[in-house]
Amino acid sequence: MIQDVDIPIERAPEFLDFFLREIGILPVWVCPFRAPDPAAAWTLFPTRPGTLYVNFGFWDVVRAAEAHPAGHFNRLIERKVRELGGIKSLYSESYFPRDEFAETYGGAAYEALKARYDPAGLLPDLYEKCVLRR
């Protein structure tokens, strides 16, 4: 499990409670940051302009007494992060269904960029790279 997630500060205690209860990895990196102003917003990694977020980083193996399918704990985190209005960095493994991924990571804007710069579809799209690992 290697993750970084960004949670609006007002929901950060709820995420940390969930994380410690359901995932249990320690230590946890906790670092506040402010989302950029609207003029510098990141279309494909949307955060609310001017909002204070808390970045939680955790890097370890989840040890569980029972067997779980691949990605089980990652998926728990992805669901909770979306529920709390946060966003997950995409450098790590992701397990989103395609529609959730598009809703979260600027699907329409990404599709427009992809159509403009790869009109023949020669390269994998962002979902294929980040979730399907192609």
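What to note about this one:
- Residue-level check: of (1) free of Cβ contacts under 8 Å to residues at least 24 places away in the same chain; (2) touching a Lys or Arg at 6+ places or on another chain (Cβ under 9 Å); (3) within 19 Å of residue 16 (Cβ to Cβ); (4) of a type outside the set (S, T, N, Q), residue 50 misses just (3).
- Of the set (1) within 25 Å of residue 131 (Cα to Cα); (2) at pLDDT 85 or above; (3) more than 15 Å from the chain's Cα centre (by Cα); (4) not polar (S, T, N, Q), all apply to residue 78 but (3).
For every residue, the table says whether it meets (1) out of contact with any helix residue (DSSP H, G or I) (no Cβ under 6 Å at 6 or more places or on another chain); (2) modelled with pLDDT of 85 or more; (3) among the β-branched types (Val, Ile, Thr).
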{"position": "30", "(1), (2), (3)": "yes, yes, yes"}
{"position": "51", "(1), (2), (3)": "yes, no, yes"}
{"position": "68", "(1), (2), (3)": "yes, no, no"}
{"position": "71", "(1), (2), (3)": "yes, no, no"}
{"position": "99", "(1), (2), (3)": "yes, yes, no"}
{"position": "111", "(1), (2), (3)": "yes, yes, no"}
{"position": "115", "(1), (2), (3)": "yes, yes, no"}
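- All positions within segment 46-82 that are closer than 11 Å to residue 94 by Cα and polar (S, T, N, Q): 74
- Screening segment 84-105 for residues that are in contact with a Leu (Cβ under 9 Å, 6 or more places away or on another chain) and in a loop (DSSP other than H, G, I, E, B) and picking the one that is farthest from residue 130 (Cα to Cα) gives 105.
- Scanning segment 9-47 for residues that are in a helix (DSSP H, G or I) and free of Cβ contacts under 8 Å to residues at least 24 places away in the same chain yields 10, 13, 17, 20, 21, 38, 39, 40.
- Selection of segment 21-51 for residues being surrounded by fewer than 13 Cβ atoms within 10 Å (Cβ to Cβ) and under 19 Å from residue 82 (Cβ atoms) yields 21, 22, 42, 43, 48.
- Among the residues listed as 111, 83, the single one being under 29 Å from residue 34 (Cα atoms), free of Cβ contacts under 8 Å to residues at least 40 places away in the same chain and assigned by TED's automatic domain parsing to the domain that holds residue 3: 83
- Considering residues of segment 82-103 that are in contact with a Pro (Cβ under 8 Å, 6 or more places away or on another chain) and not small (Gly, Ala, Ser) only, the residue surrounded by the fewest Cβ atoms within 10 Å (Cβ to Cβ): 84
- Matching residues in segment 104-134 - criterion: being exposed (fewer than 14 other Cβ atoms within 10 Å of the Cβ) and among the small types (Gly, Ala, Ser): 108, 109, 112, 115, 120, 121
- Among the residues here, residue 73 does not qualify as surrounded by 12 or more Cβ atoms within 10 Å (Cβ to Cβ), in the same structural domain as residue 15 (by TED's automatic domain parsing) and assigned to a strand (DSSP E or B).
The values are calculated or read from the model by the stated rules, or taken from the named source; none is laboratory data. The structure presented is a predicted model; accordingly, all values stated were derived computationally and were not measured. Here Cβ is always computed from backbone atoms with ideal geometry, including for glycine, and neighbour counts include all displayed protein chains.
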